[in-house]
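Quick notes on the structure that follows.
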Amino acid sequence: MSTQHASAELTLGTTGIAKRPVDADESRAANRIWWDADADDYHAEHGDFLGAADFMWCPEGVREEDARLLGDVAGKRVLEVGCGSAPCARWLAAQGAHPVAFDISAGMLRHAAAANRETGIAVPLVQASADQLPFADGSFDAACSAFGAVPFVADSGTVMREVSRVLRPGAPWVFAVTHPIRWIFPDDPGPGGLTVTQSYFDRTPYVEVDEAGRATYVEHHRTMGDYVRQLAEAGLDLVDLLEPEWPEGHEREWGQWSPLRGRLFPGTAIFRTRKR
Ligand SMILES: C[S@@+](CC[C@H](N)C(=O)[O-])C[C@H]1O[C@@H](n2cnc3c(N)ncnc32)[C@H](O)[C@@H]1O
């Protein structure tokens, strides 16, 4: 959630927090303006941790270079979902893959285009929403996402079906999201974030709004069971579910991710799936 990003909140005129339903159109609109407004701050804060051509899965520091959750990617057409500045896609290209990276936010893609120029690794960039993919059926050999899009769309089941549609049979789809258990705690990296304040079963999204009540930021929650059912319904077999532990000596905070909380309960869930 976005509480530490004061500058985007100022730009968007955010005045408060609401708990109310938000449909697909309003979620897309809110996330487009939010990530456009936050793109510069996001990269100023996290750019050095993410790198320009590195594949970091999560704030716990799991790298694809070590984890190899996608398997051998050389020669494969790989789709990166919600790519931000696309460092993962650039790392994939350096491994011999043929990535395509997309994001809903032009502001994030502006950073991606700049990093393409700076690194000399020019991955194809597309502006699109993860629940409305502009790609042909069966056109990719793998898909991946490091916290891109899935937590922000109104119906992640639509994303699962869309990704499944564009994958060829047998292809992996691996995505990292905020671990659903985090929903029950306040977004506080300190001791305040250790006390349960809301129900795990309450799927009402977290919404920030402007004076007129329009959403300026939206994040949606689903339980573990929701994800498992959505995958099954989309024709995706769950191969593994990783809950990375907080590494010894890793002191870097990322928003609500902190050593204090990371040592007690998971902050990230990485779903490894395969199209049936
Ligand atoms: C937390 S950032 C992660 C970006 C990148 N994967 C990284 O690790 O830095 C979330 C990204 O999801 C994108 N996003 C949000 N909603 C989206 C949607 N409906 N479709 C595609 N991208 C979306 C945002 O614009 C943002 O770039």
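List of remarks:
- Here the 3J(HN,Hα) profile of region 261-273, calculated from phi with Karplus coefficients 6.51, -1.76 and 1.60 at θ = phi - 60°, is 6, x, 6, 9, 7, x, x, 10, 10, 10, 8, 9, 10 Hz, Gly and Pro shown as x.
- Additional length obtainable on full extension of the chain from ALA67 to ILE17, 0.36 nm per residue less Cα span: 14.3 nm
- Cα-based helix-to-principal-axis angle, 224-233 vs the chain, degrees rounded to 10: 40 degrees
- Relative to the longest principal axis of the Cα atoms of the chain, the long axis of helix 156-166 makes an angle of roughly 10 degrees.
- Sorted peptide list for 118-130, 26-38, 176-188, criterion being average Cβ within 10 angstrom, highest first: 26-38, 176-188, 118-130
- Long-range HN-HN contacts of ALA143 with modeled amide H, under 5 Å: LEU79, TRP173, VAL174
- Measuring nothing but alpha carbons in region 85-161 and taking Rh as the Kirkwood radius, the Rg to Rh ratio lands at 0.96.
- Cα radius of gyration and Dmax for the chain (Å): 17.6, 50
- Kirkwood Rh in Å, taken over all unlike Cα pairs in region 141-227: 14.8 Å
- Other-chain or far-sequence residues with amide H under 5 Å of GLY138's (modelled H): VAL166, LEU167
- Ordering 234-240, 79-85 by mean Cβ neighbour count within 10 Å, with the highest value first, yields 79-85, 234-240.
- Percent antiparallel among DSSP beta bridges (both partners in the chain, rounded to 5): 60 percent
- Against the main long axis of the alpha-carbon atoms of the chain, helix 24-50 sits at an angle near 80°.
- Cα gyration tensor shape of region 180-276, rounded if a/c is under 1.5, else prolate or oblate by comparing a/b with b/c: oblate
- Note that region 117-261, at 20 °C in a medium of 1.002 mPa s, gets a Stokes-Einstein diffusion coefficient of 122 µm²/s from its Kirkwood radius over C-alpha pairs.
- Between amide H atoms placed 1.01 Å from N, distances below 5 Å from TYR217 occur with GLU208, all of them 5 or more places distant or on a separate chain.
- Dipole of the chain [Lys/Arg +1, Asp/Glu -1 at C-beta], most positive-end residue of GLY120, THR158, GLY51: THR158
- Estimated vicinal HN-Hα couplings, Hz - region 112-118 in sequence order (Karplus 6.51, -1.76, 1.60; Gly, Pro = x): 5, 5, 5, 5, 4, 5, 5
Rule-based calculations on the coordinates, nothing more; no lab input. Keep in mind it's a predicted model, so treat the numbers as computed, not measured. Glycine gets a Cβ as well: all are built from the backbone with ideal geometry, and neighbour counts include every protein chain shown.
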